[in-house]
Amino acid sequence: MFDNLVESSSHKKDIERKGSFIIVTAVIYLVLLVAFFVAGIYWYDNHLGEMELELTTLVAPVPVPQAKQPEQNVDIRKELIASVDESRVPPKEISAKASDIPPVRRGVTTMIGNESSNAAAPMPAGPGAGTVVSGPTKVQIADEPPPPEAPKPTPPRAPISGGVLNGKAISLPKPPYPQIARAAHASGTVVVQVLIDENGSVVSAHAVSGHPLLQAVAVQAARQARFSPTKLSGQPVKVTGVIQYNFVAQ
């Protein structure tokens with residue numbers, strides 16, 4: 001029984017000691033936080049002058065003066081109506097109702113416009129008696145003529161057939177007699193098909209008949225031939241035909 005009483009008393013003292021320790025620790029932390037806060041305020045006040053601060057000033061916008069409208073120096077009327085004092089100008093029609101358009105003022109230049117108004121600084125009329133009445137000049141721009149049509153390209157004409165062209169040539173070189181053909185005693189006629197352009201030059205040539213040993217020299221000679229340009233309805237055309245070369249055995 002006494003042992004239990006002693007143990008309970010020591011346990012109670014231990015709890016009180018731990019509680020005191022926690023309270024003291026909390027007080028110390030609180031004091032340190034307050035000290036740091038106060039020190040920060042003093043440090044900020046001391047270094048406030050060293051900081052670069054930008055002062056922004058709000059300035060009211062300056063009112064922009066509106067541009068002055070130029071003063072009208074001529075009278076403007078929708079329709080030119082003479083004053084009753086001007087007996088030399090007859091009215092267009094007689095009506096019992098007064099016109100809404102004021103009459104032309106004497107001695108003031110008047111122009112026809114979309115509305116009727118009087119000049120703030122009237123410009124005097126030109127020399128001579130009466131009122132000078134003028135209006136804007138109407139410039140009429142004539143329609144531009146359509147652009148000329150582009151010339152249509154002439155479609156190419158098909159080559160015409162000229163048959164045998166030996167007699168139409170202005171230059172017809174003779175082919176040489178090959179040595180190999182001479183040894184083989186080759187002879188006969190070689191026919192070469194040619195195409196002549198609009199200027200009279202041979203643009204293509206190929207043998208269509210004749211001894212094989214003689215065809216190559218015949219084609220080479222045909223390519224060097226020249227002809228007069230052939231025209232059809234005033235337009236030069238291509239011509240197709242044949243050139244004949246006769247080889248005699250030697």
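Close amide H partners of residue 247, meaning residues 5 or more places away or on another chain with modelled amide H under 5 Å apart, are 188, 189, 190. Residue-wise HN-Hα couplings along the stretch 209-214, as the Karplus relation 6.51 cos²θ - 1.76 cosθ + 1.60 with θ = phi - 60° gives them from phi, are 7, x, 5, x, 6, 10 Hz; Gly and Pro carry x. Neighbours of residue 201 by Cβ distance under 10 Å: Lys/Arg scored +1, Asp/Glu scored -1, total 0.
These residues, 238, 78, 174, go from largest to smallest accessible area, 1.4 Å probe, as 174, 78, 238. Within 11 Å, Cβ to Cβ, of residue 173, how many net charges do the neighbouring residues add up to if Lys/Arg are +1 and Asp/Glu are -1? Surrounding charge for residue 173 is +3. Take the stretch 178-244 with all the other protein chains still there, run a 1.4 Å probe, and you get 51 Å² of accessible area per residue.
The values are calculated or read from the model by the stated rules, or taken from the named source; none is laboratory data. If you're wondering where the values come from, they're calculated on a predicted model, not measured in any experiment. Quick reminder, even Gly has a Cβ in these numbers, built from the backbone with ideal geometry, and neighbours come from all protein chains shown. Just the protein is used for accessible areas: all its heavy atoms, side chains included, with ligands, DNA and RNA removed. Shrake-Rupley method; radii C 1.70, N 1.55, O 1.52, S 1.80 Å.
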